[in-house]
Structure formats: C-alpha cells, structure tokens
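One structure is given here, and the rest of the page talks about it.
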Amino acid sequence: MEDLIPAYLAVKQIISERKPYASTIFKVLQTEKVAPSSAKRIRVVVYGVLNNYNKLCFESLNIFDEYKKDSDESFLNIVTIYEIRTFPEDEEEILTSYINSFEVLRLFGDAKTNSNKIKEALKTPFKIPDEVKELPFSYNALTLEMPEFLLKIMFKELGGDKAIELSLALHKKPFNFYQANLYKTNSDFLINDKRFESTKLVDGTILYKYLSTDHTPKEVKEALLYRLDYSLAFPYSIIELPQVSPKILMAASNHPDTGAFFAMKTKDLFESEIISCFANPLVYRLAVDEKNKNNLTSLTPVLTPVNLIKTYYDYDSFDLVCYEGDDSGIGLSRRHPGALPSLTLKRMQSSFKKQVNDLLEASEFVKNNGYLLLTNNAITDLEGADVTAEFLKMKKNFSLVKEAYIYPMEMNSDSGYYAILRRKE
C-alpha cells in the first residue's frame, strides 16, 4: 500500500518550515525507512504538489472549509488529491492509505467521511470558478502558481506582460552552466561539442550551457568543468582587477564553486589571493573538496559568517569584496520548487534588512578605489535595487557603477540581481 506520510512530511516541512527541497526529501526518506521502489514515486508526488500548490490548496479548501490552508489536515488532503489526480488507477488504495495516515497522525475530523468527500469531489476535473476569473490577480495566482502578493509587486514593477513571462519562466526546467578548469584544460576545449552552447562573457571567459537537463556531464567528474550559473558568472566577468597581487574576498558564499571563477581569472597573476567565507558548515566542506579536486591553489575557504570575518582579516584590505545576498530564493524556484509556495512578504522584508546589514559589514573590507559586488537571486526591488539604494544612503563613500536584473528567459539561467559599487578615495 502506498504510504502518504513521507510525502506529507516533506511537503509540510518545505512549506511551513522553509526547509530545503532536496535535503528534506532525502532525510524524510531515510527517517521513514522508505523502500527504494517507493522513493521515486514520493519524489514525483512532492515535486508535483509543490508545483501545483495553489490549485491544490484551492481545491482542498473548497472540499473542506473547516480546515485552514496551512493546517496538518490540509497538507495531507492536498497530497491525497494530487496522488489521485496523477494516479487515478490507484484511487482506492490511495484513499485507504489516506484513512490510515489520518488516524496515525491523529488529525482532527473523521477520516472515512473525509475520504468519501475527496472521492466525490474528484469525480469531476478541477475547474476555476467564474467568480475567481473575474479577479485578475487571484486568477493569475492560480494559473501561474505564484503568490498573489508577489504577482502584484511584479505587475507594478515590470508591467503585466513581463510579469507573466517571468512567472512562466520560473517554472521551467533549468539548464546548468559550467566553466573550464583552467588548471587542467583550455577554456575553449568544448567549443565544438554539440552537448554544450558556449557564451563569451565580458572579460573573455567562456561559459558553457549544458543542453541536457537529465544528468551531469562527465567532464565535471573528471574535474575539467565546474558549475557556475550565468547569473553569477556575468557580473563576475565585468569586474576589473589589479594585474599584480589582486586580493578578493567572497564575504558570504552560498555555493561551493563561486570562488573558483576568480581563481581561474587570476591564475596567471602574481600572488593572487581569494578568500571564500561560508556560514554553512556543509557548503564549506564541499568548497574544501572542490578546491582540492580542482587544484585551486590561490583559493582559501574559511568557515565564518559575515559579522566575524573581521576576526580573521583586516578592514580596507581587499580590491574586490563579493557578497552573495541572503534573499528569499525566488530566482532559484526552478531548482527549489518550495521557494514560491513557502514565500511570504515578511520573509522578503527580513531578507532586505539582513542584506543591508551584511553589505554594510562587507563594505568595510574594501580598499580605496576597490569594488563591492552584491549578487543575489532577487526578481523584485525589495530584495534587489532597494537593498543597494538603502546601502548608498548610509555609505556616502561608495558610488553605484552598474546594477541590473538577470531573468531566466534571457539565457535559461537562474534569476538574479547584481550591483557593482566602488569605494571613493
């Protein structure tokens, strides 16, 4: 019998507790001792529920007006509804499992009555009521699977057409981008390889888009390629560095590979030094592994949050300081399907405050005439341009060189925002 509890637990933790998508599923499968034969289906169900969350909640609340949207009962209901919609041939088995799961979890209500309600309601296909179609934002939130408050912000900042285009793009499968490991091969060694599409960046760096979304290219395992998304690589390529002894601080790295770009860029420069700081111990350990695997001799990973970097390094000592903003991850929703259904305005406002505070601290390490680079995965001004504007109000010794958003429909990359700032003498 198909057990609904693992999918229920994963969805609940990803939505309510904002836990990461991949690691949450992995832990739930382990904790619940799910057999390998059942694990694939559970992954499919969790992914499907997250990508159809608004419609499933709407349907569940229509069937059960006694339960709140974020209640335990509603989480089990939407998993059940999705299972039956996706695997109708297993309806009776799913409903039996629903009753068992409902009782094991000791939820409020009568399991058998609820099961009958679901069975009756799902006899007809899901249809958005006409009264909802008369409410443009509510209707678009359902059809585009976007939080309604976020859609309103996007329509205001981008206009209706671009907001809809961006919403659709955020749900498409992502492509991965890679750069050559210049310590082991040439930058153009895959130029004629039909598995990749190459792009030359501002500084001449060649970035490869892998045209398959099914698996990782063998060159990654061979340490000939390392992953770096276009949304990060492009702003990195704009920065001009000193040709002698460049010092670079990655003040808050969220990815184990980000310091590698500058290790490649400064490979042939005299006494280059790249410090990459990580607040997450797991990402730090992965970064150490990447450094060793790719032989990145000029790169030093350090386990420390932004506010403690000063215990390791002096202020006013780096030519370039990069800060990867701690945003709400909207621009990564194609990789992390829980990002949109779990999003709240409060989370975005909290992100704004944290990014401003971290950016103020990171800026203290920039030399006179040096650069400060803010990158994140924002798509709205609250987590993007407003952070830069607030920073510049408080730090008069910095000026804005360039800022822009990178949207997924442009290069089939992640979404992102960047701002290049320069410290005045």
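FYI, it's all coordinate maths here, none of it is from the lab. All values reported here derive from a predicted model rather than from experimental measurement. In this analysis, Cβ positions are derived from the backbone assuming ideal geometry, glycine residues included, and neighbour counts consider all displayed protein chains.
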Problem set entry | Mean ellipticity per residue at 222 nm, deg cm²/dmol - from DSSP H runs of n ≥ 4 across the chain, formula -39500 (n - 2.57) | -13500 deg cm²/dmol
Exercise. With a ≥ b ≥ c the root eigenvalues of the C-alpha gyration tensor of segment 1-157, is it rounded (a/c under 1.5), prolate (a/b larger than b/c) or oblate?
Worked result: oblate
Problem set entry | DSSP beta bridges in segment 315-425 [antiparallel fraction, %, rounded to 5] | 70
For this session: Please find the FRET efficiency linking Ile128 to Thr213, where r is the Cβ-Cβ separation and R0 is fixed at 25 Å, and quote it to the nearest 0.05.
Result: 0.25
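Take the alpha carbon gyration tensor of segment 176-423, find the square roots of its eigenvalues, order them as a ≥ b ≥ c, and report rounded if a/c is under 1.5; if not, report prolate when a/b exceeds b/c, else oblate. Spell out each step's value before the answer.
Details: a/c = 1.59, a/b = 1.17, b/c = 1.36.
Cα axes put segment 176-423 in the oblate bin.
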Problem set entry | Read-out Rg/Rh (Cα atoms, Kirkwood Rh), derived from the coordinates shown; its label in [x] 1.16; [y] 1.01; [z] 1.04 | [y]
For this session: Can you tell me the relative contact order of the chain? Whole percent, Cα pairs under 8 Å, sequence separation 6 or more.
Result: 13
Seminar exercise, completed: For Asn376, the residues 5 or more places away or on another chain with a placed amide H closer than 5 Å to its own amide H are Gly325, Tyr417
Problem set entry | Given charges at beta-carbon only (K, R positive; D, E negative), |dipole| of segment 176-423 in Debye | 200
Exercise. Which percentage, to the nearest 5, of the DSSP beta bridges contained in the chain is antiparallel?
Worked result: 55
Problem set entry | Gyration tensor verdict on segment 252-345 (Cα atoms; rounded if a/c is under 1.5, prolate if a/b is larger than b/c, oblate otherwise) | prolate
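If you restrict to DSSP beta bridges whose two residues both lie in segment 176-423, what percentage is antiparallel, to the nearest 5? Please report the intermediate quantities before stating the final value.
Values: 26 of 46 bridges.
Taking every DSSP beta bridge with both residues in segment 176-423, the antiparallel ones total about 55 percent.
Where does the charge balance sit around Ala10 when Lys and Arg score +1, Asp and Glu -1, over other residues with C-beta under 14 Å from its C-beta?
Net charge around Ala10: +2.
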